[in-house]
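What follows is a short report on a single structure.
Just so it is clear, none of the values below were taken in a lab; they were calculated from the coordinates. These numbers were taken from a predicted model, which means no experiment stands behind them. Don't worry about glycine lacking a Cβ; one is built from the backbone with ideal geometry, like all the others, and counts go over all protein chains shown.
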């Protein structure tokens, strides 16, 4: 999840001139800066997410969505829950090639069978500077091929769980907390290798949320620790892992296939978090260049440079 989003000042004037209600304005701002948004302006946000995040009922949510659809502020794939803000990149330009790579990965994660996909391609053609060469053509090829369904990993069966080094049956039996009859704290051997060099607080939070999900199981098949271990090996971003687990926990009752849900969310969140890292590195580099320029402009000595 992004740490912040920005709103162009013309946003308010545009909505005011089109007589958008206060609820419509709030929903538009939510799509631009909310927890599901990203730097592509295309993300999954079903109606249920909006209702839960804004504490709205179905009627209010539907009415606000209709307003934004009528003024073409968004395109909405109601069947799959995908949102596209067609002018997002017009006002939130891609800053450099490194950010462009991660925005391109976000675009590649959007299922081509979604009704927003063709609009996404048009937005990238109009405003997609710094994108990888050939990206738009590859997305168009997906449509020509009929938009094959994205592969979804099969959830582990009981036999798979028994073979998994993280949670063999005998180990799980020993890891029951006798006081709460729930999972005991996960041994440190299971959390030691999340990469790259994660913040210990994030690691702790990942397993805290995993334990909370374990208590919600209610017969649903999900080896949550196998999922964590698998993404540790894939070098998934720890922040993306945590955000995916939090999203699953918060939407557990409405999620039929937890493993597939996690895979879809992390495919998006990985791009978001890596993009944040790229933006932060770019900002730090720009600050360094600016400091150097100020030193040279003032006739000062660059730190570390030899005196003439």
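Computed from label points 7 Å out along Cα-Cβ, the spacing between residue 19 and residue 126 is 2.5 nm.
Report the convex hull volume per residue for segment 19-144, counting only C-alpha atoms, in Å³. Could the numbers behind the result be given before it?
Values: hull volume 12.3 nm³, N = 126.
Given the Cα convex hull of segment 19-144, per-residue volume reads 98 Å³.
When each of the peptides 4-12, 44-52, 241-249 is scored by how many other beta carbons lie within 10 Å of its residues on average, the order from highest to lowest is 241-249, 44-52, 4-12. Modelled spin-label separation between residue 26 and residue 78, with each label point placed 7 Å from Cα along the Cα-to-Cβ direction: 2.2 nm.
Given a cut-off of under 8 Å on Cα pairs at least six residues apart, what relative contact order in percent is computed for segment 47-121? Please list the in-between numbers first.
Values: 49 pairs, mean separation 19.0, N = 75.
After rounding, I find 25 percent.
Take every pair of alpha-carbon atoms less than 8 Å apart whose residues are at least six positions apart; their mean separation over the length of segment 1-113 yields a relative contact order of 27 percent. Stretching the chain fully between residue 137 and residue 233 yields a gain of 31.4 nm (0.36 nm per residue, less the alpha carbon separation). As a proxy for reagent exposure, ranking 214, 16 by other Cβ atoms within 10 Å from fewest up yields 16, 214. Taking label points 7 Å from Cα along the Cα-to-Cβ direction, residue 11 and residue 47 give a separation of 2.5 nm.
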